[in-house]
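One structure below.
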2 protein chains.
Amino acid sequence: MKITNRLSWKYVRDEIHHEILSGRYGPGDRLPRDADIADQLNCARSTVQRAMQDLSDIGLVERRRKGGTRVHPEPVTRATLDIPITRHEVEKKGGRYGYQLIMQEEMSATRTVLAAFELTSPVSMLRIEALHLSDNRPYMLEDRWVCLDTVPEIRDVDLKIQSANEWLVLNRPYSRCDLRFYAISADQKMSEMLGAKIGDALLLIERSTWIDGAPITTVKTITTPGYQLLTSS
Amino acid sequence: MKITNRLSWKYVRDEIHHEILSGRYGPGDRLPRDADIADQLNCARSTVQRAMQDLSDIGLVERRRKGGTRVHPEPVTRATLDIPITRHEVEKKGGRYGYQLIMQEEMSATRTVLAAFELTSPVSMLRIEALHLSDNRPYMLEDRWVCLDTVPEIRDVDLKIQSANEWLVLNRPYSRCDLRFYAISADQKMSEMLGAKIGDALLLIERSTWIDGAPITTVKTITTPGYQLLTSS
DNA sequence: TGACATTTTAAGTAGCTACATATTACCGTT
DNA sequence: AACGGTAATATGTAGCTACTTAAAATGTCA
C-alpha cells in the first residue's frame, strides 16, 4: 500500500486559505510568490497556480502579473445561485407540478422590455403569461416575452402543454444571463392569481437571456408570499 | 512578428460551448472524449481538460470518470452574486456614506437565531441594530447577531464609529456563508427607519457566516423600497 | 526632477508524461 | 438470468519544461 505523498491542489488551496483565515495575512497583504510557496510546500508551481486560481475565482485573493498575489483588499461575499427549471424545483420540494397558460399573444415589445435587452428599435415578440402550480396551488406567476426574431420556433410549441420556461431552457441555451431581484406589493391581479392578499410583499426575479448578443427572452417571475431563495452551496 | 498558433483553453471552451449552443449536442448528449477533442482541435488534452472543467463549473456539462462528458440534462441558471461591504456599495453608486448605530446589547440568542446557525443550545451574542445612509438618507437597515464565543473582540470595537459589517468582513473571514432572499412588508418601525410607507414591499437579505463550523454572525439587511440586487455579470 | 525607454519579475498559458481513480463494460461461473 | 470479479477506459491530478505577457522597477537623458 503506497501512501500518496502527492498534494492535491485543493489541499494547497485550503492551506493558503487557512493562512489567510488565521490572520497571518490580512486584506491587501501580499502573499509569497507561487514558486516560493511551491518550494515551501514541496510541490510544483503548477499546483500552486491551480490553487491560487481557485482562490482568485472565489474573490479571496487578487492576482496580477508581476504584481504578485495579494489578499483582496475589499472582501466581497460571493455567492452562487442555481435557478432550476420550475417543474424540477416544485418536484424537488415534493410537490406535484402543474401548469396553466394564462395568455399568449404576439405583439411589439414595450419600452420596458426593450430596455431590459438594451435595445432601442422595436422588435416583435411573443408575450406569455403562465402560472406554475404545486399540488394544485399557485406557486409562481410568470410574465414572459420571447423574441420572435431569435426564436421563431416558439410559435410551433404548444404552450398549453409545455411551459415556455422548460422549452426554452431545454432548447435554447444562452450565452449571457442577467438577473435582478427585488420586492413588490401584490396588486389586484397578482393576488388573485397567486392566492395572496393585496399588498402582500412578493419576491420578484427578473431574468433576461441572450445568445451571442441576440435577445432570447426576458421573464419576471413572482412567487407566493413567504417564498425564499437560497444559495446553493 | 510571430502569430501565436497556440490555443488558449478559453478558446477551446468557447468552441465547445458554441457546439452545444448550436444545438449539435442537446441536454443529456454525450460529448467526445477529451483526447478526441484535443486531437480534432490539435491541442493537448490538458487544454481540453481545463476548458471542460470550466464548463462543468458553470453547470453546462457534467463530467464523470469513465462515463465521459455530457451536456447537463437538467440545465440550471447559475448566477454569481457579489455582495460588497455596504460602505463600498454606497460610494460606488456615488453616494456619501453615513452610518448610525441604533442599539447594541449583549443577550442570549433567540430560537430563530439559533436555527439560522443550526444550533440547539443557548449562546450568548451581541445584538446590533444599525442604519446605513447614503447622502444622509436611509439606505439599509441591519439587524445583526454576533457570536461572542467566536468573536469576543467585537466587544472592544466602537460600533458607533465603525460598522460591524465592515469590521467583521475585514477582520473575520469566514469559511461558510449562507444567503437567503425574500420579501417583507414594512412594519411601523421599518418604515420610520427607512423612510418608507407602512406596507411597502422590501427586499430582505439574510446572511449567516461560520468559521470552521463555529458561528460568526447572522444578519438581516433591509433596503429601501425599489432596491434591486443584480448579478455581477 | 520628470518623462520615457529598458529590464526584470511573477503570473498565465500550453504541451508533455505519468500515474490515480472511478465507473462502465465484459466475461465467466453458477 | 443473476452474480461477481476483472479488464478497459475516460477523466482527474501532479510534475516538469518552455514560453508569453502584463506590469512594476529601474535606469537614462533632457
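Computed values, structure above
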| item | result |
| --- | --- |
| Heavy atoms of A:Glu192: accessible area, 1.4 Å probe, square angstrom to 10 | 130 Å² |
| Gap separating the Cα centres of region A:152-175 and region B:160-218, nearest whole Å | 38 Å |
| Rel. contact order, % - alpha carbon contacts under 8 angstrom, at least six apart, region B:86-223 | 23 percent |
| Whether the protein assembly as shown is rounded, prolate or oblate, judged on the alpha carbon gyration tensor where a/c under 1.5 counts as rounded | oblate |
| Total charge dipole magnitude, region B:86-223, about the Cα centre, Cβ charges on Lys, Arg, Asp, Glu only, Debye to nearest 20 | 340 debye |
| Other protein chain Cβ atoms within 10 Å, averaged over every residue that makes up A:199-210 | 4 |
| Shielding by partners - mean other protein chain Cβ count within 10 Å, residues of B:171-179 | 5 |
| Given A:Lys220/B:Lys197; A:Lys92/B:Lys92; A:Lys66/B:Lys220; B:Lys160/B:Lys220; A:Lys189/B:Lys197; B:Lys92/B:Lys189, the pairs whose alpha carbons are separated by over 30 Å | A:Lys92/B:Lys92; A:Lys66/B:Lys220 |
| Cβ-based net charge around B:His88, under 12 Å, with every Lys or Arg adding one and every Asp or Glu removing one | -2 |
| Ellipticity estimate at 222 nm from DSSP helix runs (n ≥ 4, -39,500 (n - 2.57)) divided over chain A, nearest 500 | -7500 deg cm²/dmol |
| Rounded percent of accessible protein surface that carbon and sulfur make up, the protein assembly as shown, 1.4 Å probe | 47 percent |
| Across the identical copies, how the A:Thr80 labels are spaced - nm, sorted shortest first, 7 Å along Cα→Cβ | 1.0 |
| Under the Karplus curve 6.51 cos²θ - 1.76 cosθ + 1.60, θ = phi - 60°, whole-Hz ³J(HN,Hα) for region A:49-65, x wherever Gly or Pro sits | 4, 4, 4, 5, 3, 5, 4, 5, 4, 7, x, 7, 10, 10, 10, 9, 3 |
| Cα extents of region A:86-223 along the three principal axes, largest first (Å) | 38, 29, 25 |
| Two-site label geometry, B:Thr80 and A:Leu230: point separation in nm, points 7 Å out along Cα→Cβ | 2.4 nm |
| Point-to-point label distance, A:Arg70-A:Ala214, nm (Cα→Cβ direction, 7 Å offset) | 4.5 nm |
| Residues of chain A: accessible area per residue with a 1.4 Å probe, Å² | 54 Å² |
| Other copies of B:Glu106: label-to-label distances in nm, shortest first, labels 7 Å along the beta-carbon direction | 7.2 |
| Buried area at the A-B interface (accessible, heavy atoms, 1.4 Å probe, summed, Å²) | 3900 Å² |
| Relative packing of peptides B:138-144, A:50-56 - highest average C-beta neighbours within 10 Å first | B:138-144, A:50-56 |
| Per-residue average of Cβ from other chains inside 10 Å of A:224-230 | 4 |
| Label distances, nm, A:Ser46 versus same residue in remaining copies, Cβ-directed 7 Å point | 0.2 |
| Amide proton proximity set for B:His72, modelled H, under 5 Å, gap of 5+ | B:Gly28, B:Val61, B:Glu62 |
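The values are calculated or read from the model by the stated rules, or taken from the named source; none is laboratory data. Values in this document were obtained by computation on a predicted structure and should not be read as measured data. Note: ideal-geometry Cβ built from the backbone for every residue, glycine included; neighbour counts use all protein chains shown. We work out accessible area using only protein heavy atoms, side chains counted, and drop any ligands, DNA or RNA first. Shrake-Rupley method; radii C 1.70, N 1.55, O 1.52, S 1.80 Å.
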